[in-house]
Structure formats: C-alpha cells, structure tokens
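Report on the structure given below.
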Amino acid sequence: MADRLPAGEEGQVDIKKIETILQFETYRMYYNACHQWAKFFEFVNMAWVYCPGSGRVSELDKTADFYLPDQGAYFVVDFGRPGRGFVDCKKLSKQSGRSVILGSGDGTFRIFEGGEAFSGIETVLCRCAACGRWYFMNEPGSYACRVCGEYDGDHHLLQWIDGSGNVFEKMPVGCEWLFQRMKG
Ligand SMILES: [Zn+2]
C-alpha cells in the first residue's frame, strides 16, 4: 500500500485510508460519549472508574468502559473503543453475575442482568431517598436501593429516569460547574 496516490490518480479512492478515517470518526464518537457519561456520573455524584488504565484486571474490567463501585455494576459505551472488538453485554452479564449497563451517545441506556436484556423503558436510573445516591436497576425487578439496600415499596425512590429518553437533556451537564469545582 503506497502512502499516497500517484500524481494524476488523485481522483481514485484509497479504500483502506477511507476506512481508517471512518474508524477515527467512530473513536471520536466513543470518546465524546465517554466524556458525556463521565460528566454525568460526576454531576450526580455517582462513583465511577474509567476501566482502561485503571489497573483493574477482570474480563469485565478489560472490556467495559466504566466500573461503578457503589453498585458493583459495569457500564459500556455503545461505540467501538480502540483495540476493542464487539462487546456482548448479555453474555458478559451472565458470565460475571454483574449488571452491565449499555449507554449510547444520545443519552439513552439499557441494562443487562443474568444474561437477560432489558429495554430502555425497563431500565431505570433512580435516586434513593435514604442515601441520596443514584443507581441503575431493571424495572420489573426489585426496587431496593443497590447502594444502601433501602427498600420501602417505591417510597424510597426520590427520582426516576427511564433509559428510553435522552438523560443528558433531562439533566443538562455543561462544563462550567466542573471548572468551578476545580477552582474551589
Ligand atoms: Zn440508598
């Protein structure tokens, strides 16, 4: 493969290079989505660790993008990460026994548990009235707080956002407050 097209053949298409450019575009979307979700986790004061480079070593840690320590759950951003192939959230959730949340760049999300896939409507991000923390859960399942264990029917659910809509629109997170926190 030549590093450029010969003079006079500029009109031709170098498919390999086009593919590489499109790959960069996917990475851009991946990092953009990571940026959005990390800002969101920080904004709602949810504990999070970006898995790559974290030193965490399980298969899920190597594959997922974020580990959410409060809930013992994992979060996968729905774009190809450099060096990562297809991610089978269903299989990962079954093998590990952990919750795996798949989040898109458009602020929608869904949960996988025990090899079962739940839709966006069945996936909920809740805030617990007892501990004040946010956690992901599946709506047909138990409402019990996954951070502190509180359960009071649905009375302990302070806020409720399902995964079918854009959570970034419901809770707009800019950068201003981040910079303010850095100054403070
Ligand atoms: Zn709680």
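Please treat every number below as a calculation from the coordinates, not as lab data. This is a predicted model, so every value here is computed, not measured. Note that each Cβ is placed from the backbone with ideal geometry, even for glycine, and that neighbours are counted across all protein chains shown.
VAL77 fails exactly one of the following numbered conditions: (1) aliphatic (A, V, I, L, M); (2) over 29 Å from GLY132 (Cα atoms); (3) touching a helix residue (DSSP H, G or I) at 6+ places or on another chain (Cβ under 7 Å). What is the number of that condition?
(2)
Considering CYS126, CYS175, CYS131, which residue is touching a Leu at 6+ places or on another chain (Cβ under 8 Å) and of a type outside the set (Phe, Trp, Tyr)?
The conditions single out CYS126.
Please find, among ASN32, ASN45, the residue that is in contact (Cβ under 8 Å) with a residue 60 or more places away in the chain, part of a loop (DSSP other than H, G, I, E, B) and of a type outside the set (Asp, Glu). Spell out the reasoning first.
Working: ASN32 fails: part of a loop (DSSP other than H, G, I, E, B).
That would be ASN45, the only listed residue that is in contact (Cβ under 8 Å) with a residue 60 or more places away in the chain, part of a loop (DSSP other than H, G, I, E, B) and of a type outside the set (Asp, Glu).
How many residues are touching a Cys at 6+ places or on another chain (Cβ under 6 Å) and within 9 Å of the ligand (Cβ to nearest atom) when one looks only at segment 108-134?
Our first condition is that a residue be touching a Cys at 6+ places or on another chain (Cβ under 6 Å); within segment 108-134, this holds for 112, 128, 130-131.
Now narrow it down to the ones that are within 9 Å of the ligand (Cβ to nearest atom): 128, 130-131.
Summing the residues that are touching a Cys at 6+ places or on another chain (Cβ under 6 Å) and within 9 Å of the ligand (Cβ to nearest atom) in segment 108-134 gives 3.
Residue by residue through segment 125-148, note down the ones that are over 18 Å from the mean Cα position of the chain (by Cα) and hydroxyl-bearing (Ser, Thr, Tyr).
Selection gives SER142, TYR143.
Is there any pair with a first residue in segment 144-162 that is free of Cβ contacts under 8 Å to residues at least 24 places away in the same chain and a second that is among the aliphatic types (A, V, I, L, M) and within 9 Å of the ligand (Cβ to nearest atom) whose Cβ atoms are under 6 Å apart and which are 6 or more apart or on different chains, and what are they?
Qualifying pairs under 6 Å: CYS148/ALA130; GLU150/ALA130; TYR151/ALA144.
Return the only residue of ILE101, ILE121, ILE111 being closer than 15 Å to PHE136 by Cβ, hydrophobic (A, V, I, L, M, F, W, C) and surrounded by fewer than 19 Cβ atoms within 10 Å (Cβ to Cβ).
ILE121
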